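These notes are about the structure you will find just below.
The values are calculated or read from the model by the stated rules, or taken from the named source; none is laboratory data. For clarity, every value in this text was computed on a predicted model and none was experimentally measured. Methodologically, a virtual Cβ is constructed for each residue, glycine included, from the backbone with ideal geometry; neighbour enumeration extends over all protein chains shown. SASA here: full protein model, heavy atoms, side chains in, ligands and nucleic acids out. Shrake-Rupley method; radii C 1.70, N 1.55, O 1.52, S 1.80 Å.
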Amino acid sequence: MHDRSATELLDLDGFVVLSQTIEAGERWLLVETTADIAGCPSCGVVATGHGRSVVQVRDLPISGKPVRLVWRRRRWRCPEEDCPTKTFTEDSPAIEGVLSARAAAEICRLVGQDGRSVAEVARRFGVSWHRAMAAVRSHGQPLIDDPRRLHRVRALGVDEHKMLSAGPKHHSIFCTQLVDLETSRLLDVVPHRSAASVTTWMDARTAYFRRNVTVAAIDPHAGYARAIRTSLPRATITVDPFHLVKLANAAVDDVRRRVQREVEGHRGRRDDPLYGIRRLLTRGWERLSERQVERVLVAMRRGDPYDEVGGALVAKEVLRAMYWAETPAEAREHLAEFYAVVARAEVPELDRLARTVRRWEKEILSFFTTGHTNAKSEAMNLITEKLRRVAHGLRNFENYRLRLLLHSGVQWQTVPTARIRTRHPRLVA
């Protein structure tokens, strides 16, 4: 005789609860299946009972207590003498090894949607790390393999990310993330940061996907640009404004360091005038207070005898001002002013920056027609960093890709918990 109330509470299809007890803070449920007839898997003849074996299975917690299902699993014997299958044990789609199917799915959701570490979830369910990770793979792989994830991508962001920092036995390992810039959805992660890796991924997509992508935002990376031009010839390439301003700030820093060494005879020290304003030089001029502006001007009078740092600062601000333009024609005027400032300054670091800007001029100006940046790709990098910290680092690329896509590339169909509405209770005594 089964426990009807406990069976309803368990709500596991095809199972009934015979008895229940609580031991060491765990809820133990003795269960068995409702099926009383089974056919031989080889010949189909109705089998006869051949005893039972007992297996223990982890299920979802009930009332905050871990649940251990003690399954009295039926054994069957085939009565057909010529059948090669003499005995067999019943199976249930609700059970996956030492986990119920719904517990395995919940492990996948906790690791994927909630971004928990596999080790934490494994401890919570009382299974090994490898068993928990197997549940993530079995339930997560179909979600990321679903071709509908890649539908209707019109704006593509491509950016690199460090998967593993350098160590005694290896260099830093980088990967490339591909992001849908309209939905902020991670499309995929490919190894390395090269044209070949991106081209291989693009070539594996459908012709419809490649035809539908009209914009690709990248940083000034020749490999990425080459891959986009090869695989997406119709797409407009846009260089991200953040990376261009970053290059300008790097040029200002390079000029400051060189002038510092020439004037002071050593690397920057705390009391050196230019070293003291190194942070202010890379900040937007309009964001500086009057006191900070005065501090910058005083430091450059003391430590910049030939106005090289000042020239670099002006060039950087002129380049930044380009992004205040409202039309491509106005942006071109700012670029022409930038080239003129660089020519007058005669600073080698600025000449190098100007050559880079001129080489990427078409892609830089396309920002003013497409309006797309790589900001959402950079935001995805922050989420990736968070997941790396939660996992205390990831070494295996397949696990790395799976966890990133489950967290940032899958639309989870979870039902939100309904709020309690005291004015209209759902249950009335």
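Of all residues in the stretch 34-59, those that are within 11 Å of GLU80 (Cα to Cα) and in contact (Cβ under 8 Å) with a residue 24 or more places away in the chain have Cβ atoms under 7 Å from Cβ atoms of residues that are part of a strand (DSSP E or B) and of a type in the set (Lys, Arg), 6 or more apart or on another chain, in ALA47/ARG77; THR48/ARG77.
Restricting the stretch 336-353 to residues that are closer than 24 Å to THR369 by Cβ and crowded, with 20+ Cβ neighbours inside 10 Å, the residue that is farthest from the chain's Cα centre (by Cα) is PHE338. May I ask you to list the residues in the stretch 223-240 that are surrounded by fewer than 18 Cβ atoms within 10 Å (Cβ to Cβ), in contact (Cβ under 8 Å) with a residue 12 or more places away in the chain and part of a helix (DSSP H, G or I)? ARG226, THR230, listed by residue number.
Of all the listed residues (SER53, SER42, SER19, SER92), the sole one being in contact with a strand residue (DSSP E or B) (Cβ under 7 Å, 6 or more places away or on another chain), polar (S, T, N, Q) and assigned to a loop (DSSP other than H, G, I, E, B) is SER92. Selection of first residues in the stretch 107-124 that are without any contact (Cβ under 8 Å) to a residue 60 or more places away in the chain and within 12 Å of TRP412 (Cβ to Cβ) and of second residues that are aliphatic (A, V, I, L, M) and open to solvent by less than 10 Å² (accessible area, probe 1.4 Å), restricted to Cβ pairs under 6 Å at least 6 apart or on distinct chains, gives the following pairs, ordered by first then second residue: LEU110/VAL121. Scanning the stretch 188-215 for residues that are open to solvent by 10 Å² or more (accessible area, probe 1.4 Å), among the aliphatic types (A, V, I, L, M), touching a Lys or Arg at 6+ places or on another chain (Cβ under 8 Å) and part of a helix (DSSP H, G or I) yields a count of 1. With the condition kept exactly as written, say whether any residue in the stretch 68-75 is more than 19 Å from THR7 (Cα to Cα) and at pLDDT below 85. Scanning the stretch 68-75 turns up no residue that is more than 19 Å from THR7 (Cα to Cα) and at pLDDT below 85. Of the residues making up the stretch 375-384, those that are open to solvent by 40 Å² or more (accessible area, probe 1.4 Å), touching a residue at least 60 places away in the same chain (Cβ under 8 Å) and out of contact with any Leu (no Cβ under 9 Å at 6 or more places or on another chain) are GLU378, ALA379.
Looking across the stretch 13-27, the residues that are in contact with a Leu (Cβ under 8 Å, 6 or more places away or on another chain) and open to solvent by 20 Å² or more (accessible area, probe 1.4 Å) come down to LEU18, SER19, GLN20.
For the stretch 126-145, indicate whether the set of residues that are basic (Lys, Arg), surrounded by fewer than 18 Cβ atoms within 10 Å (Cβ to Cβ), out of contact with any Ser or Thr (no Cβ under 9 Å at 6 or more places or on another chain) and farther than 30 Å from ILE22 by Cα is non-empty. The answer is yes, given that some residue of the stretch 126-145 is basic (Lys, Arg), surrounded by fewer than 18 Cβ atoms within 10 Å (Cβ to Cβ), out of contact with any Ser or Thr (no Cβ under 9 Å at 6 or more places or on another chain) and farther than 30 Å from ILE22 by Cα.
Residues satisfying the criterion are present in the stretch 412-428 (criterion: of a type in the set (Val, Ile, Thr) and in contact with a helix residue (DSSP H, G or I) (Cβ under 8 Å, 6 or more places away or on another chain)). Every condition in (1) assigned to a helix (DSSP H, G or I); (2) within 30 Å of the chain's Cα centre (by Cα); (3) surrounded by 12 or more Cβ atoms within 10 Å (Cβ to Cβ) is met by HIS372 except one, and the failing one is (1). When ARG68 is tested against (1) touching a residue at least 40 places away in the same chain (Cβ under 8 Å); (2) part of a strand (DSSP E or B); (3) touching a Phe, Trp or Tyr at 6+ places or on another chain (Cβ under 8 Å); (4) open to solvent by 60 Å² or more (accessible area, probe 1.4 Å), exactly one condition is not met: (4). Of all residues in the stretch 306-334, those satisfying the criterion of being hydrophobic (A, V, I, L, M, F, W, C) and closer than 18 Å to GLY284 by Cα are VAL309, ALA312, LEU313, VAL314, ALA315, VAL318, LEU319, ALA321, MET322, TRP324, ALA325. Filtering ARG234, ARG279 for residues that are within 28 Å of the chain's Cα centre (by Cα) and at pLDDT 90 or above leaves a single hit, ARG234. Annotation note: Cβ proximity below 7 Å between a residue of the stretch 249-272 that is open to solvent by less than 50 Å² (accessible area, probe 1.4 Å) and a residue that is of a type in the set (Ser, Thr, Tyr) (sequence gap 6+ or interchain) occurs for ASN249/THR282; VAL252/THR282; ASP253/THR282; GLN260/TYR275; GLY268/TYR275.
Determine whether ARG185 is touching a residue at least 24 places away in the same chain (Cβ under 8 Å), open to solvent by 40 Å² or more (accessible area, probe 1.4 Å), of a type outside the set (A, V, I, L, M, F, W, C) and in contact with a Lys or Arg (Cβ under 9 Å, 6 or more places away or on another chain).
Considered against the rule, which asks whether it is touching a residue at least 24 places away in the same chain (Cβ under 8 Å), open to solvent by 40 Å² or more (accessible area, probe 1.4 Å), of a type outside the set (A, V, I, L, M, F, W, C) and in contact with a Lys or Arg (Cβ under 9 Å, 6 or more places away or on another chain), ARG185 comes out as yes.
For the stretch 152-178, residues that are among the hydrophobic types (A, V, I, L, M, F, W, C) and either closer than 15 Å to LEU232 by Cβ or not in a strand (DSSP E or B) (or both) total 6.
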